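Visitor: Take this structure first; my questions come after.
The values are calculated or read from the model by the stated rules, or taken from the named source; none is laboratory data. What you see is a predicted model; the values in this text were computed from it and never measured. Counting neighbours? That spans all protein chains shown, and the Cβs are built from the backbone with ideal geometry, glycine included. Surface accessibility is based on the protein's heavy atoms, side chains included, excluding ligands, DNA and RNA. Shrake-Rupley method; radii C 1.70, N 1.55, O 1.52, S 1.80 Å.
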4 protein chains.
Amino acid sequence: METAPTTRSRLLAAAAKILSEKGYSSTRLTDIAEQAGLRTPAVYYYFASREALIAEVMKVGQLRLREHVESALAALPERKTPMDRICTAVQAHLQVELQLSDFATAVTRNIGQLPQAIQERLRNDGIAYIALWRGLLEDAREAREIRPDVDLRAARMLVMGALNWMPEWWDERQGSITETVSTAQSIVRHGLSTLPVRE
Amino acid sequence: METAPTTRSRLLAAAAKILSEKGYSSTRLTDIAEQAGLRTPAVYYYFASREALIAEVMKVGQLRLREHVESALAALPERKTPMDRICTAVQAHLQVELQLSDFATAVTRNIGQLPQAIQERLRNDGIAYIALWRGLLEDAREAREIRPDVDLRAARMLVMGALNWMPEWWDERQGSITETVSTAQSIVRHGLSTLPVRE
Amino acid sequence: METAPTTRSRLLAAAAKILSEKGYSSTRLTDIAEQAGLRTPAVYYYFASREALIAEVMKVGQLRLREHVESALAALPERKTPMDRICTAVQAHLQVELQLSDFATAVTRNIGQLPQAIQERLRNDGIAYIALWRGLLEDAREAREIRPDVDLRAARMLVMGALNWMPEWWDERQGSITETVSTAQSIVRHGLSTLPVRE
Amino acid sequence: METAPTTRSRLLAAAAKILSEKGYSSTRLTDIAEQAGLRTPAVYYYFASREALIAEVMKVGQLRLREHVESALAALPERKTPMDRICTAVQAHLQVELQLSDFATAVTRNIGQLPQAIQERLRNDGIAYIALWRGLLEDAREAREIRPDVDLRAARMLVMGALNWMPEWWDERQGSITETVSTAQSIVRHGLSTLPVRE
DNA sequence: TATGAATGAGTTTTCATTCAT
DNA sequence: GATGAATGAAAACTCATTCAT
């Protein structure tokens, strides 16, 4: 049996939804409150300020994104190669971002335009997630699964960019997520791999 | 007689710069005017409204992006393969976005968060640019340069997403654009190609 | 049966403290409640409104001020002159205001800036205290202890003003209250007296 | 010919008036704007914030108070005694506070309840005015015009307190300012003087 | 052609107050 | 007797926009 969501979490969810749709600067407390079935001042009963609320959404999103990807990786059998792990991360990232969590979407769509203050509160979590991807790529390189002409930093930015951009365009009515995920995996795998790719 | 072009274009350039840095909702007319060396009301001498100004920036950006990529493609020798053309587009897109034009950056960073009204004014141009990429991919597919397991629409979204995301992260002090471009080209080429890739 | 007196009086004392420190408009129910170890709504169990609470603080303060001064005067031997009585009042007023009672301080620091409604509820008590001082001065005049050039009303305002202003400046770390009181008495006595003053 | 008061100075004057009537915390930008014949946001065209506006009122008031008193002292013939100078300062202080300037009244009525930030901006001016009075009293003491039993610091606080309190009570309909001033001077002179006072 | 001056609409924030528990 | 939860009213402040000059 699920616990009824508390007002506080309803506010967080509402904020995540609005943030993922409208972006940081266009997100109004009024809209968040309405989405949560409250009047605006109620927000201040649970959060010190607009910024505090948004920062918490981001923190949760950052965390959820990472945990979901880490869980997916942890569930993988030992024998999987580093490149397999990258493909799993691709799938998990897309899934959480497109399907599971407005919080994650809120992060990927707004991370670049948050004010300094919030950016800094997210720094550690952000770095942790980037580090996770860096690790994935480095492992693959060590295993000689990534071509030597590929700059790892640029590759990481490109791959994560491709994934992060998805929410801008992706529309569940226009195509199954499964197909999108598998295309993404295929492109990433071949995009990085030394030849030939066994499939 | 036309109104003096310089002030008007200075305003456009200023708006492009601010938009590419702060994003749509955080872009203030005051900042734009200041950037252009004017006071805020001067904007209204040249543009009907904030929205009109921003819409024009986007239109210009959209156009410049497309024209730059189209020129690069046009300059290519006939004998180049469709995949070569894709790689050229990758380079041209990154170049205009990262180096040449705030207008282009303004487009790629804000296209997703513009209000309906502006989105619609950009529809045709946006579609044209997307069509250009769709054409590139379709040509490559026809030439059997793209693996059959790759969904063209998803691939296009992923590739353009990877490129569009760059301005979020890319820092000219952290690496040469040349290297980034060539990693991007390599990933895209291998990401899409049937095997083996000739280089 | 009466409601428990302790909590109610704790609230009054808390309000007196905050009022004497921050002044009427800056006094928040939250601060008062916190000072009393309660949550804000608890205030409404004991008082109809913020205004009612503050009005009562003022009423108590007004009363305490007057009673303290009256007691001091009552304790004086019959043979004391009217001017001696004034000096006693000076001492008593300063003592209650600076040492004994936040309620009294709350009154003297806020009386001028209370809203009409509260002012009116205090009218009678205020008038009574003023009448007390008027009486003291009139007695001294009748006894020819006050110079004829001194306008009694102005003198009363000046003397009470000097005393009421003390809480603004007085700092127990910067000087003993005894010395301040005796300087005040001396200035008042000589300030009003016909010459020469016997001491 | 007088210059028409600028909007900015109208705002300052309006703020001084409201501040002198309602006190710091009860002073609303709306009231100030209305008093100046404007809408609230117009305030921000001339001042960065409510605090900035109020701080400037206080600064002006502080300055005017001091300048008026200093001018009055400067106009005094050389042969005047220190005590004569004190009496002149009493008159000048009362005059500017009660008759000439809402700015001065705003200062004396609010100085104790301003937020830290403003207090600090006023520190220097406040100290200067206090120093002026300290000087007056010290000169009088050196000239043996003040009784030895009078503590100079306490005396200064009492005298300035008596004057500063006046706006709380004084009502021009209830008595001429001339009479009040002369009573104040008489009380101060006799209150401080060694005997007998020559008049 | 451009600006100084001003404002309406809207946003975050504060706070006294209510009410079910 | 007291509080957690919530809100209406109002405050400071922001910003696109207007308009006379």
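Visitor: According to a simple spin-label model (label point 7 Å from Cα along Cα-to-Cβ), what is the distance in nm between A:Arg50 and D:Tyr45?
Guide: Simple spin-label model gives 2.5 nm for this pair.
Visitor: Report, please, the projected area of the range D:26-67 averaged over directions, based on the convex hull of its C-alpha atoms, in nm².
Guide: 3.2 nm²
Visitor: Per residue, how many Å² of accessible area does the protein assembly as shown show with a 1.4 Å probe?
Guide: 48 Å²
Visitor: May I pose another question? Put simply, what bits of the range A:105-127 lose 10 Å² or more of accessible area when the other protein chains are there, versus the chain on its own (1.4 Å probe)?
Guide: Residues shielded by partner chains are A:Thr108, A:Arg109, A:Ile111, A:Gly112, A:Gln113.
Visitor: When N counts the residues of chain B, how does its alpha-carbon radius of gyration compare numerically with 2.2 N^0.38 Å, as a ratio?
Guide: So the Cα radius of gyration is 1.12 times the expected 2.2 N^0.38 Å.
Visitor: Follow-up. When only Cα pairs under 8 Å and 6 or more residues apart are kept, what is the percent relative contact order across chain B?
Guide: 24 percent
Visitor: Let me ask another. For labels at D:Gln116 and A:Thr81 in the simple 7 Å Cα→Cβ model, what's the distance in nm?
Guide: Here the answer is 6.3 nm between the modelled labels.
Visitor: Could you state the principal axis extents of the C-alpha atoms in the range D:52-123, from the largest down, to the nearest angstrom?
Guide: The Cα atoms of the range D:52-123 stretch 43, 22, 16 Å along the principal axes, largest first.
Visitor: Return the value, in Å² to the nearest 100, of accessible area buried between chains C and D (probe 1.4 Å, both sides summed).
Guide: Counting both chains, the buried surface is close to 3800 Å².
Visitor: Give the nm distances, rounded to one decimal, from D:Arg8 to the matching residue in every other copy, measuring between label points 7 Å along Cα toward the beta carbon; shortest first.
Guide: Ordered by increasing distance: 3.6, 4.9, 5.6 nm.
Visitor: Which trypsin sites (Lys or Arg not before Pro) does the range B:133-187 hold that lie in a coil by DSSP with at most 15 other beta carbons within 10 Å?
Guide: B:Arg144
Visitor: Dipole magnitude of the range A:83-199 about its Cα centre, charges +1 at Lys/Arg Cβ and -1 at Asp/Glu Cβ only, in debye to the nearest 20?
Guide: Once rounded to the nearest 20, the dipole reads 260 debye.
Visitor: If you don't mind, another one. Evaluate the Debye formula for the protein assembly as shown with equal point scatterers sitting on the alpha carbons, no solvent, and hand back log10 of I(q)/I(0) at q = 0.05, 0.06, 0.07 Å⁻¹, in q order, two decimals.
Guide: -0.48, -0.62, -0.73
Visitor: Now, a different point. How far is B:Pro148 from the same spot in each other copy, in nm, shortest first, if each label point sits 7 Å from Cα toward Cβ?
Guide: 3.5, 11.8, 12.7
Visitor: Express in whole angstrom the spacing between the alpha-carbon centres of the range B:55-72 and the range A:101-166.
Guide: Computed from Cα coordinates, the inter-centre distance equals 28 Å.
Visitor: Any chance you could check the range C:133-152 for residues losing 10 Å² or more of accessible area when the partner protein chains are in, compared with the chain on its own (1.4 Å probe)?
Guide: Listed in order, they are C:Arg147, C:Asp149, C:Val150, C:Asp151.
Visitor: List the DSSP H helices in chain D whose Cα atoms stretch 18 Å or more along the helix axis and whose mean Kyte-Doolittle hydropathy is at least 0.5.
Guide: None clear 18 Å together with a mean of 0.5.
Visitor: Also, I was wondering about something else. Over the whole of A:170-180, what's the average partner chain Cβ count within 10 Å per residue? Rounded to a whole number, please.
Guide: Taking all residues of A:170-180 together, the mean is 2.
Visitor: Would you work out what percent of the accessible area of the protein assembly as shown, with all protein chains in place, is carbon or sulfur (probe 1.4 Å)?
Guide: Whole-percent figure for carbon plus sulfur exposure: 48.
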